[in-house]
Amino acid sequence: MDSLKQVDREVWQAIQDELERQQFHLELIASENYCTPAVLEVQGSVLTNKYAEGYPNKRYYSGCDNVDVVERLAMERAKRLFGAEHANVQPHSGSQANMAVYFAALTPEHRVLGMDITHGGHLTHGFKKNFSGQIYEAATYGVDRETKLLDYEAIMEKARTFQPDLIIAGASAYSRAIDFAKFREIADDVGALLMVDMAHIAGLIAGKQHPDPVPYADFVTSTTHKTLGGPRGGFILCKAKYAAKIDQKVFPGMQGGPLMHIIAAKAVGFKEALTDGFRERQRQTVANARALAQELMNRGYDVITGGTDNHLFLLDLTNKDISGRDAQGCLSEVGIYVNKNLIPFDERGAFETSGIRVGSAAATTRGMKEQEMVTIGGWIDRVLSAPWDDELKKSVKKEVTDFCASFPVYENGTISAPLLEGLPTEKS
Ligand SMILES: *Cc1c(COP(=O)(O)O)cnc(C)c1O
């Protein structure tokens with residue numbers, strides 16, 4: 001980054017510091033991941049200079065031949081990866097993908113039924129301070145008080161009384177497989193459309209480690225940067241009959257010029273996700289989340305639902321003498337990043353919380369396996385058992401830093417071996 005260093009020392013320095021943070025800290029935030037050097041390169045490419053309002057072959061600007069190539073590649077690969085009839089790869093984020101579906105499927109005052117944010121749903125699933133809860137009449141479903149699992153009977157009952165026009169399946173903090181066939185049944189029973197938001201689990205679905213929503217949903221929305229491991233962005237999959245409507249609501253309905261450098265990076269990310277190496281990494285991601293949850297349970301911690309089927313789990317700290325906020329704080333002091341999270345039926349508020357959310361995607365991308373998860377579980381336990389003990393935190397921090405040094409992330413502009421394993425290589 002020599003040009004940047006000459007032009008703007010302050011931003012250059014912040015990036016150096018961030019690189020160092022990503023290298024020497026342990027990332028367990030469930031929505032984060034490391035993208036590959038190829039995906040990183042494309043995001044810094046000249047494609048950022050191009051205006052391309054419209055879609056391939058139907059642009060409002062001249063000079064779009066090259067960006068048409070990359071957008072077509074992204075669309076084709078997304079469709080192949082998920083077996084979808086249509087893909088729109090232009091949404092700038094997961095939230096905007098959701099917004100475009102709402103615009104396509106609903107008009108204001110229509111009703112939406114999504115998972116409650118306090119039980120693991122997302123802001124865009126009907127939260128009252130989000131557009132989804134302001135424009136539409138929203139109701140929510142949650143998990144069972146005893147099992148903490150989605151109760152499909154209860155969701156059916158709620159749908160029958162509320163009569164939603166759109167049902168949203170998908171979550172940001174739910175550790176068990178979601179039964180999309182059941183959601184389809186419920187949607188059909190009440191005559192609603194079904195949207196599946198697979199933002200968190202898209203990589204697991206692409207890697208065949210989670211049931212597939214595409215055959216059941218009218219619309220599937222996602223991010224590209226969580227388990228999928230691509231650039232920060234969103235996309236939409238849908239049945240062919242909704243294609244024109246979705247495209248029109250993304251542009252000109254909601255966005256202007258698409259981010260062609262990001263769309264190109266999505267194309268590369270989808271290509272990487274079509275490999276056996278990617279599938280293996282997703283398998284390991286689930287195995288790692290299970291190993292870490294098990295280690296913490298062995299050490300006396302409560303894990304919501306007693307385990308996980310995906311890349312994340314919620315640690316319930318109610319029986320420990322610490323809040324989610326304080327747990328997040330003292331773990332970050334030793335270089336371990338998690339996020340505080342409400343647990344279902346939490347007695348604390350959203351700012352304090354009784355839980356933390358722990359995810360395995362980023363650590364798995366760095367090449368960590370079950371054995372490392374056991375080590376990490378030990379550190380988490382030691383710190384949470386004595387959060388006031390500065391000597392202990394100092395010694396754990398040193399162990400974490402040394403450990404991270406043996407799992408290099410980005411070195412000298414290239415990336416470490418585990419991240420490259422099984423990626424496609426082109427003949428030059
Ligand atoms: C992360 C997430 C989103 C939104 O993604 P952004 O790119 O942050 O807007 C949407 N839905 C779910 C379920 C998510 O977890």
Simple SL model, points at 7 angstrom along Cα→Cβ for Glu399 and Ala177; separation in nm is 3.5
Shape parameters for region 267-386, alpha-carbon atoms, Rg then Dmax in Å | 15.0, 47
Contour minus Cα-Cα distance for Glu411 and Ser93 (0.36 nm per residue) | 111.7 nm
As straight-line cross-link partners of Lys58, the qualifying lysines (C-alpha separation under 29 Å, not fewer than 8 residues apart within one chain) are Lys50, Lys79, Lys239, Lys241, Lys245, Lys249, Lys266, Lys271
Please figure out what share of the DSSP beta bridges in the chain is antiparallel and state it in percent, rounded to the nearest 5.
-> 60
Taking a temperature of 37 °C and a viscosity of 0.692 mPa s, what whole-number D in µm²/s does Stokes-Einstein yield for region 41-273 with Rh from Kirkwood over alpha carbon pairs?
-> 184
PRE reach from Asn66 (point 7 Å along Cα→Cβ): which of region 9-48 fall under 16 Å by backbone N?
-> 41-48
For Val89, tell me the accessible area in Å² from a 1.4 Å probe, rounded to the nearest 10.
-> 0
The answer for region 41-273, accessible area per residue at 1.4 Å probe in Å², is 40
Tell me, how many Å apart are the Cα centres for region 1-56 and for region 63-117?
-> 23
Quick shape summary for the chain, equivalent ellipsoid via Cα gyration tensor, semi-axes whole Å in descending order, reads 33, 30, 18
Remind me, relative contact order of the chain in percent, using alpha carbon pairs under 8 angstrom and six or more residues apart?
-> 22
Cleavage-rule hits, trypsin sites (Lys or Arg not before Pro), region 89-137, DSSP coil, Cβ neighbours within 10 Å at most 13 | Lys128, Lys129
So which trypsin sites (Lys or Arg not before Pro) in region 168-272 end up in coil per DSSP with only 11 or fewer other C-beta atoms within 10 Å?
-> Lys208
Are there GluC sites (Glu not before Pro) in region 123-182 that DSSP marks as loop and that have at most 15 other Cβ atoms within 10 Å, and which are they?
-> Glu146
What translational D, rounded to a whole number of µm²/s, comes out for region 33-119 from Stokes-Einstein when the hydrodynamic radius is the Kirkwood one over Cα pairs, at 10 °C and 1.306 mPa s?
-> 100
For the chain, what is the mean residue ellipticity at 222 nm derived from helices alone (per DSSP H run of n ≥ 4: -39500 (n - 2.57); sum divided by total residues; nearest 500 deg cm²/dmol)?
-> -13000 deg cm²/dmol
When the Kirkwood radius is taken over all Cα pairs of region 56-97, what Stokes-Einstein diffusion coefficient follows at 10 °C and 1.306 mPa s, in µm²/s?
-> 139
Per-residue SASA entry for Tyr55, accessible area with 1.4 Å probe, Å² rounded to 10 = 30
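The values are calculated or read from the model by the stated rules, or taken from the named source; none is laboratory data. In this text the structure is predicted, and so the values were computed from the model without any measurement. Quick reminder, even Gly has a Cβ in these numbers, built from the backbone with ideal geometry, and neighbours come from all protein chains shown. We work out accessible area using only protein heavy atoms, side chains counted, and drop any ligands, DNA or RNA first. Shrake-Rupley method; radii C 1.70, N 1.55, O 1.52, S 1.80 Å.
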